[in-house]
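Q: Can you keep this structure in mind? I'll have questions shortly.
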Amino acid sequence: MLSPEMFFDILRAGLWVAVVISLPILSVALAVGLLVGLFQALTSVQEMTLTFVPKLAAIGLVFWITMGFMTERLTSYFQMQILPILAGG
């Protein structure tokens, strides 16, 4: 049985891994959204697909580039935090 301290420590570590993994994608989506919004405001172009397509392309590219990093972080968290509990240690 897990103690409350151990449970909250594992939960905190899992939330931190989620933040670190999602940070590259969210920051690129924010930057592209701001750039496209600025472009739309400067040119008075109000096309809805203009904001969606560049963001989707940038998110896909960043996900593809950082996929190895994300997989390594998730695997490391699972092996260091979750597997010992499942194994009974």
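The values are calculated or read from the model by the stated rules, or taken from the named source; none is laboratory data. Note that the structure is predicted; figures quoted are calculated from it, not measured. Using ideal geometry, Cβ is built from the backbone for each residue, glycine included, and neighbour counts are taken over all protein chains shown. For accessibility, only protein heavy atoms count, side chains too; no ligands or nucleic acids. Shrake-Rupley method; radii C 1.70, N 1.55, O 1.52, S 1.80 Å.
Q: Which value at 222 nm does the chain reach when only helices count, each DSSP H run of 4 or more adding -39,500 (n - 2.57), with the total divided by all residues and rounded to the nearest 500 deg cm²/dmol?
A: -30000 deg cm²/dmol
Q: For the chain, what is the accessible area per residue in Å² when the probe is 1.4 Å?
A: 75 Å²
Q: Of all the accessible heavy-atom surface of the chain, with the other protein chains kept in place and a 1.4 Å probe, what percent is carbon and sulfur?
A: 77 percent
Q: Of the listed values (1) 12.4; (2) 15.7; (3) 13.9, grab the one calculated as Kirkwood radius over Cα pairs in Å from the structure here.
A: Label (2) holds the value from this structure.
Q: Next question, about the same structure. Provide the FRET efficiency to the nearest 0.05 for the I82-S27 pair, computing r from the beta carbons and using R0 = 25 Å.
A: Once rounded, the FRET efficiency stands at 0.35.
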